Amino acid sequence: MSSKRSLSSTPSRRKFLQGALAGTVALTLPGFVRAKSRHDKLNIVIIGCGGRGASNMKEMLGENIVALCDVSERNLQKAAANAPHAKKFRDFRKLYDELKDSEFEAVVVSSTEHTHAFATLPALQRKKHVYCEKPLTHSVREARIITEAARKAGVATQMGTQIHATSNYRRVVELVQGGAIGPVNEVHVWVSRAWGWQSQEDAAKHHDIVSARERPAGAQPVPKDLDWDVWLGPAPERPFHGIYVPGPKWYRWWDFGGGTMSDLGSHWIDLPFWALKLDAPLAVEAGGPPPHPEIAPASMAATFYYGPRGNLPAAKVTWYQGTQKPALWTEQKIPRWSDGVLFVGSKGLLLSDYFKHVLLPQKEFAGFHQPPKTIADSIGHHAEWLRACKTGSPTTCPFSYSGLLTEANHLGNIAYRAGKQIEWDAKNLRIPNAPEAERLLGRDYRKGWKLA
């Protein structure tokens, strides 16, 4: 990044982001709690019943599941076996049209990424609690719409970044914020998954679940149990092909997802986002193979530049996926974990993955004692949201937080697809130095689909 650019945050930007983050305060407002007591069962709607949806639904079986929705009849019937009295729908638009406000209090969204916002917004507008799988939305503009709707609704929200609830992440945050390695102004985040645009040979070597370098020319018969039109949702129309479904095959196609950057970035970048109290980047640059118009890359890197935040220094966070790795990793100056987050501080390094962490150089931290816990262990990511729905207690990944994380990850993809560093005007959703890239902030929707 050019040294001429200031990394300080403007007052207007800070004021805007403080307002966005203030959404968690709404959880304590009178009238927030809809359940009569913390022991009452919530009336819950499940949108998306297969894959992650089935896993999320399992966490809700102690509540009262009143409605199920899935584009796959097979998924729907399988879910119905665990909730036999629930109403069944194939199209969540019809679900919202038919259900009365008195029939449900909360919604769990586990549909495909490109329909997350469309399944979530109606619930927020009706002041229903929402748990939504990551990434929160398909685009930056959608993330901002959902974040603002959640702020206005004042309900319990949680994005499905389940690793956020682990004890390991909490201990890492305590170490960073407690100054164990001194002020941190650099973080490296890498994941070994290499799914996306690459050669057939590399796809086999990297155990990709699909090998595709172009959109299929032909069409295949639509499975009898699948409503392909509703599955497409707001995305441009295209013929059915088995290369898109079931999930997560679809996540590499720009029309349906954001590839590994927005998917695993939701989990891995979450750690520095939390520990360093990040908000909106000032600029983002990225690199990798030449951008494909339809398919996200298997391997790429992106660097996010953040300004000072209170007494915290300016920082840069670099993301690597697939074959890309930090220089310290390549030069074997740190343990070569397949996936990791490396915090670079003035007094040392802190390396973490999902479940373990280590201070480096180890000999210099011999005898170091973990500081006292300042962040309580989680009762569980889903349980945390259910408790919030019933009592008004806060969640740790509300949309006021996860919306900003989602926006940042999408900006990594935008910088990559734009082929240049982009400057980010978070308040106005503008890219001042590359207005041509603003077309990637959102899109026009297919007829019959509207986000408002």
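The values are calculated or read from the model by the stated rules, or taken from the named source; none is laboratory data. Note that this is a predicted model, so its numbers are computed, not measured. Positions of Cβ are generated from backbone atoms using ideal geometry, with glycine treated the same way; all protein chains shown enter the neighbour counts. Protein only, heavy atoms only, side chains kept; ligands, DNA and RNA dropped before computing areas. Shrake-Rupley method; radii C 1.70, N 1.55, O 1.52, S 1.80 Å.
Taking the Cα centre of the chain as the origin, how large is its charge dipole in debye, to the nearest 20, when only Lys and Arg (+1) and Asp and Glu (-1) carry charge on their Cβ atoms?
Working: 58 positive and 43 negative charges, 174 e Å.
Dipole size: approximately 840 debye.
Are there any trypsin sites (Lys or Arg not before Pro) in the stretch 218-299 that are in a DSSP loop and have at most 12 other Cβ atoms within 10 Å? List them by number. Please list the in-between numbers first.
Details: sites: LYS224, LYS249, ARG252, LYS277; in loops: LYS224, LYS277.
For trypsin sites (Lys or Arg not before Pro) across the stretch 218-299 that sit outside H, G, I, E and B with at most 12 neighbouring Cβ atoms in 10 Å, the list reads LYS224.
For the stretch 315-452, max minus min Cα coordinate along each principal axis, in Å, sorted largest first?
Principal extents (Cα only, largest first): 62, 47, 26 Å.
Report, ordered by chain and residue number, the aspartates and glutamates lying within cross-link reach of LYS128, taken as a straight Cα distance under 12 Å and ignoring same-chain residues fewer than 8 apart.
ASP101, GLU103, GLU105
What does the extension gain come out to for THR323 and LYS205, with contour length at 0.36 nm per residue minus their alpha carbon separation? Write out the running numbers ahead of the final one.
Values: separation 118, 0.36 × 118 = 42.48 nm, distance 1.13 nm.
Between THR323 and LYS205, full extension yields 41.3 nm more.
Pick out, from PRO234, GLY287, VAL107, the residue whose Cα sits farthest towards the positive end of the charge dipole of the chain, with +1 on the Cβ of Lys and Arg and -1 on the Cβ of Asp and Glu.
Value computed over the given set: VAL107.
Hey, what's the chain come to in accessible area per residue, 1.4 Å probe, Å²? List each step's numbers first, then the result.
Values: 19030 Å² over 452 residues.
Per residue, the chain has 42 Å² of solvent-accessible surface.
Amide H of PHE89: which non-local residues (sequence gap of 5 or more, or other chain) have their own amide H closer than 5 Å, using H built in the peptide plane?
Distant-sequence amide H within range of PHE89: LEU68, CYS69, ASP70.
Give me the one-decimal nm value for the distance between modelled label points at ASP97 and GLU364, 7 Å along each residue's Cα-to-Cβ direction.
6.4
Return the long-range amide H neighbours of LEU349 (sequence gap of 5 or more, or a different chain), with a cut-off of under 5 Å between placed amide H atoms.
Answer set, sorted by chain and number: LEU360.
Quick one: grab the alpha carbon gyration tensor of the stretch 286-366, order the square roots of its eigenvalues as a ≥ b ≥ c, and give me rounded if a/c is under 1.5, else prolate or oblate depending on whether a/b is larger than b/c.
Values: a/c = 2.60, a/b = 1.44, b/c = 1.81.
Here the stretch 286-366 falls in the oblate category.
How would ASP40, ASP101, ASP444 line up by accessible area, probe 1.4 Å, largest first?
Solvent-accessible surface, decreasing: ASP444, ASP101, ASP40.
Largest first, how would ILE145, ILE181, ILE243 line up by accessible area (1.4 Å probe)? All intermediate terms of the calculation are to be shown ahead of the outcome.
Working: ILE145 65, ILE181 0, ILE243 25 Å².
Result of the area sort, largest leading: ILE145, ILE243, ILE181.
In nm, give the distance between the simple-model label positions of GLU214 and GLU423, each being 7 Å from the Cα along the Cα-to-Cβ direction.
4.0
Under the classification rounded if a/c is under 1.5, otherwise prolate if a/b is larger than b/c and oblate if not, where does the stretch 398-452 fall, given a ≥ b ≥ c as square roots of the Cα gyration tensor eigenvalues?
Judged from the Cα gyration tensor, the stretch 398-452 comes out oblate (a/c at least 1.5, b/c at or above a/b).
Quote the accessible area belonging to THR115 in square angstrom, nearest 10, computed with a 1.4 Å probe and with ligands, DNA and RNA left uncounted.
10
Tell me which GluC sites (Glu not before Pro) from the stretch 162-258 have a DSSP coil assignment and no more than 16 other beta carbons within 10 Å of their own. Present the calculation step by step, with values, prior to reporting the outcome.
Numbers: sites: GLU174, GLU186, GLU201, GLU214, GLU237; in loops: GLU214, GLU237.
Qualifying residues, ordered by number: GLU214, GLU237.
Need the list of aspartates and glutamates near LYS420 for cross-linking: C-alpha distance under 12 angstrom, and skip anything on the same chain fewer than eight residues off.
GLU285, GLU436
In the chain, what percent of the accessible surface is made up of carbon and sulfur (1.4 Å probe, ligands and nucleic acids excluded)?
Working: 10000 of 19030 Å².
C and S atoms contribute 53 percent here.
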